[in-house]
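I have placed the structure first, in the form of structure tokens, so that the comments after it can refer back to it.
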Amino acid sequence: MAKVVIDGTEIEVADGITILNAARQLGGHSVPPAMCYYSTLKGSGGKCRVCLVKVAQGSAKDPRPMPKLVASCSTPVADGMVIQNLTSPEVLEARKGVVEFLLINHPLDCPICDQAGECDLQNLAYEHGVGKTRYEEERRKFEKIDIGDKIKLHMTRCILCYRCTMVANQLTDNRVHGVLNRGDASEISTYIEKAVDNDFSGNMIDVCPVGALTDKTFRFKSRVWFTKPMDAHRNCTKCSGKVVLWMKDNEVLRVSARKDQYGEVKEFICNECRYDHKSATDWTIEGPRHIDRHSVIAQNHYEKTDLLTLKKEIERQIEFQKGKPLPEPNRTLAE
Amino acid sequence: MELKFSNNTLSLVNKIIKRYPEGKQKSALLPVLHLAQSEFDGWLSPEVMDYVASLLTIKPIEVYEVATFYSMFNLKPVGKNLLEVCRTGPCWLRGAEDMVAHIERKLNIKAGETSADGNFTLKTVECLGSCGSAPMLQCGANYYENLTEEKIDQLIEKLRDKGVRSSYLKSVEINS
Amino acid sequence: MRKLLLEHISEPGIETFDVYRKKGGYASVEKSLKTMTPDQVTEQVKASGLRGRGGAGFPAGMKWSFLDRKSDKPRYLVCNADESEPGTFKDRYLMEKIPHLLIEGMITSSYALGAKTSYIYIRGEYMYIVRILEKAIEEAYAAGFLGKNILGTEYSLDLYVHPGAGAYICGEETALLESLEGKRGNPRLKPPFPAIAGLYASPTVVNNVETIAAVVPIINLSGDEYAKIGLGKSTGTKLISASGHINKSGVYEIELGLPVEEFIYSDQYCGGVWKGRKLKAVVAGGSSVPILPAELILKTAKGEPRLMTYESLSDGGFISGTMLGSGGFIVMDETTSIVKNLYTFARFYHHESCGQCSPCREGTGWMEKILHRLHHGHGRKEDIDILVDVAKKIEGNTICPLGDAAAWPVASAIRHFRSEFEECVNNSMKVKELVH
Ligand SMILES: Cc1cc2nc3c(=O)[nH]c(=O)nc-3n(C[C@H](O)[C@H](O)[C@H](O)COP(=O)(O)O)c2cc1C
Ligand code: SF4
Ligand code: SF4
Ligand code: FES
Ligand code: FES
């Protein structure tokens, strides 16, 4: 076991786990955000750099601080380590920088984006960003494309977390898409037109932290907060069959895997469950799902949302787009 | 027509694969892609990449990912002679921009374009490790250094007359 | 001045095995394989104080001693011949002119590390040198210096040359290993370090061409003797690639400790600034290291003469100093636009970023775009501050040091030549006024 201190709170954790997972055990505000790490995907993490923290003391044996900020998702703890997340101005400053970098080539169309409410980047920008962009150069643009008949790729939104390629490598037996080109010209692609089609390929949608990969079978082009998430299950021979049904009245609009509070799927689901059972009678419905993520969707509990508050939220975000400071969060929405 | 390396190249491919431990034949990817680009008209078409994937028993996407990462692989057809002019700091300090402008005028193309007769493609590239003999350009395996406008004129004439496709694996000088 | 690597460089035929051997070549292989244990070879390299010549200057003997010798996996030595740092061309010179020196160094070093297979990873653009090295390797096999039971000893080694295909990032050692495994050149997260899990997840040492070549004189002379050459902790000789606005560009072998002023102005080396012009600035260790104005490259902030050593060049930290880096010495005369030069560097790093981590992927492009505007007369008041801030937000926050390498030139150029950037902005403003 290793004793570590995170933002002033001591906790004992198993040897060799990462700083991020130690912080998650502690919970609360000390948990660094993560955009590329995904605990159920081997080799993930280290890329986005939003989880940077300061190691003020390396270990009990060697108390020297680490010279640079480290990626908490891929740095193991050591006994006696002292870590600063929110208590380090240096970390907050660096994180602001990373958020800005992630946004400079990202379209600022949150108000009209069909992923609004389910986008980790939107939440991240809201919580850790500067609220105002200094970037006045041209943004990278890509056409939307279909990769197969079930998934749409909006490459302009992609933050190159590599998670979807890891799903393809680790859950399916034939990866046909990957990261092409290099630098800021990198893109997710199949290179030549090929359908991503595989029993578990649909999980790429759930691991995508932004709205770059979306479910084409989502039968309602509306805001996700007009739908009701319900826990449900069925007997499935390929996967656990435990899902979330996104419903409107009695209609199943979309099926997805269940995510935990950090947005991670612990039990991936098969494509049959995801795409082929869009009738409520196919499922045993357990009850409403609590989306306890600190996200826009969580903030405006779907039942309370009305068009007026939504309109205000959109106006607020348009101001943001124009490069103005983000006005105070909309109180009605943030209840 | 089925795409296939010549027998000589195939035996070279097998020799290259043996340089790496068993099961690590993917290591041969860059050398084999060089051979493929040289043998199949100076660029890597999807068919060529699929063929290389089959030779090394890896997935086609693994080849696409790699081929698009490295700047020496052409993913579109190029002219017979790819003129790669270095434009990084040390070369810029010694007049690389004038050399690019001269070639553009002479061939009536812009950097990135191919001349109408298909003989030349002009490309600007980053430092080629020839900064002490700047300005310079690479064509196939050859480095042409301490360039002047006259030297470029002569080179272009020579390459045009020769009429063979340049390749990183073959020296234009030695082949003459 | 003493030469250890290039002593026989002008000997006709030195690229052939026979001439090289006649000049005393392969003595270090005989000495080490027949009279020394592998650990004794490593001890000599430690004693020599040799520091890595690829850019970071990490003590070579120490790196070798980190190699996991308990693992039951094979061990590898990989030579880094990717040489793509702008301003650097010494490895090319060495491999082209005296290839057997590298082959000899590879054999002696592989023996010390217990490697049975070693690779030379060379940048793809140097394809003609691949031929030269392969020919030299063939000759070495034929003479019994490579292959099974070298010189009748128990030691066997296979050596191969592996070409890259155009990617500066593959000079970073873990990206190089990825590339050697046939993958994209994405640097790995560390730890694990290559000494524990490198090529094919086996213990691996990656060293620069010049570092490996320097093992030859170290074994021939003994580590202690080698350590007497040079100055203080900067032991031995170093190859310097000199380019830019000088009379005599090229590769020079210097004894570490040579005054910078002598290097620039002596006829033995650069022969002074060209066209009788004045010196404006120098990038002393390859494009990644901070640029210094003439007064600070010739003398430290304390007024002491600046010397060609790791310590003297970094005297003053990043405020008034720089780094020896890879030894790519780029000289700029009084007519040079620092902004334009920096723009070419920024374009380079943007082009070469692997794109894996967000600060480097996005920040390098941003800096290039701002510098492009500045240099083309479309500057804005806030540009300079944004540049400084973007560089600061990349530095130290990335997976590999390419991010730092992209940030340092920007930060240092603005630190020492801010007025030139301001002038660009002012000119842009004037242009704007004229248009309106
Ligand atoms: C972006 C980048 C590029 C590099 N390029 C080279 C290179 O071309 N050649 C080289 O020897 N080292 C290069 N290095 C340094 C290597 O990572 C590594 O430190 C070196 O090969 C170790 O050898 P040495 O200890 O003998 O210097 C580079 C490092 C970085 C971060
Ligand atoms: S498409 Fe989504 S999951 Fe895939 S790399 Fe981009 S952001 Fe990550
Ligand atoms: S710093 Fe740049 S080159 Fe290095 S890993 Fe990150 S994106 Fe790639
Ligand atoms: S979550 Fe740690 S770097 Fe992305
Ligand atoms: S800058 Fe052109 S070869 Fe180095």
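Convex hull over the Cα atoms of chain B, averaged projected area in nm²?
Working: hull surface 44.7 nm².
For chain B, averaging the hull's shadow over all directions gives 11.2 nm².
Accessible area ranking (1.4 Å probe, heavy atoms, ligands and nucleic acids excluded), largest first, for C:ASP82, A:ASP184: A:ASP184, C:ASP82. When DSSP assigns beta bridges and you keep just the ones with both residues in the protein assembly as shown, what percent turn out antiparallel, to the nearest 5? Looking only at bridges with both residues in the protein assembly as shown, the antiparallel portion is about 65 percent. From helices alone, chain B scores -12000 deg cm²/dmol at 222 nm; the rule is -39500 (n - 2.57) for each run of n ≥ 4 DSSP H residues, then divide by the residue total. Placing a label point 7 Å from the Cα of C:ALA56 along the Cα-to-Cβ direction, the residues of the stretch C:194-238 whose backbone N falls under 20 Å from that point are C:194-215, C:234-235. At a threshold of 10 Å², the residues of the stretch B:92-108 that become less accessible to a 1.4 Å probe in the full protein assembly than in their chain on its own are B:TRP92, B:LEU93, B:ARG94, B:GLU97. Remark on C:ASP333: its backbone amide H falls under 5 Å from those of C:HIS245, C:LYS280, a criterion applied only to residues 5 or more positions apart or on other chains, H modelled at 1.01 Å from N. Put simply, chains C and A cover up around 2900 Å² of each other's accessible surface, both sides summed, when a 1.4 Å probe is used. Proximity of backbone amide H atoms, modeled 1.01 Å from N, is registered between C:GLY185 and no other residue at under 5 Å, excluding neighbours fewer than 5 places apart on the same chain. Length gained on full extension, B:GLU104 to B:GLU149: 15.0 nm, using 0.36 nm per residue less the C-alpha separation. By the helix-only formula, in which each DSSP H run with n ≥ 4 contributes -39500 (n - 2.57) and the sum is divided by residues, chain C has a 222 nm mean residue ellipticity of -13500 deg cm²/dmol. Available extension along the chain between A:SER240 and A:ILE11 is 79.1 nm, counting 0.36 nm per residue and deducting the alpha carbon span.
In the structure shown, the pairs C:LYS46/C:LYS228; C:LYS63/C:LYS97; A:LYS150/A:LYS194 are assessed against 23 Å; a Cα-Cα span above that value is assigned to C:LYS63/C:LYS97.
Once the Kirkwood radius over Cα pairs is known for the protein assembly as shown, the Stokes-Einstein relation at 4 °C and 1.567 mPa s delivers a diffusion coefficient of 43 µm²/s.
Here A:ASP109 and B:GLU97 are evaluated by their C-beta separation; at R0 = 51 Å the FRET efficiency comes out at 0.85.
Spin-label model, B:TRP43 to A:THR284: label points 7 Å out along the Cα-to-beta-carbon direction sit 5.9 nm apart.
Measure up C:LYS183/C:LYS340; C:LYS190/C:LYS393; C:LYS3/C:LYS233 against 24 Å on the Cα-Cα distance and list the ones that go over. Please list the in-between numbers first.
Numbers: C:LYS183/C:LYS340 34 Å; C:LYS190/C:LYS393 21 Å; C:LYS3/C:LYS233 18 Å.
From the list (C:LYS183/C:LYS340; C:LYS190/C:LYS393; C:LYS3/C:LYS233), the Cα-Cα distance tops 24 Å for C:LYS183/C:LYS340.
Taken over the alpha carbons of the stretch C:17-223 as equal point scatterers, the Debye sum produces base-10 log I(q)/I(0) values at 0.08, 0.09, 0.15 Å⁻¹ of -0.23, -0.30, -0.88.
Between B:ARG165 and B:LEU10, the modelled label-to-label distance comes to 2.0 nm, taking each label 7 Å out from Cα in the direction of the beta carbon.
For C:ARG75, the residues whose amide H sits under 5 Å from its own are C:LYS116, ignoring neighbours fewer than 5 places away on the same chain, with H placed 1.01 Å from N.
Before we go on, tell me the buried accessible area for the C/B pair, both chains summed, 1.4 Å probe, in Å² to the nearest 100. Counting both chains, the buried surface is close to 3900 Å².
The values are calculated or read from the model by the stated rules, or taken from the named source; none is laboratory data. Nothing here was measured: the structure is a model prediction, and the numbers come from that model. All Cβ positions, glycine included, derive from the backbone under ideal geometry; neighbour counts span all protein chains shown. Just the protein is used for accessible areas: all its heavy atoms, side chains included, with ligands, DNA and RNA removed. Shrake-Rupley method; radii C 1.70, N 1.55, O 1.52, S 1.80 Å.
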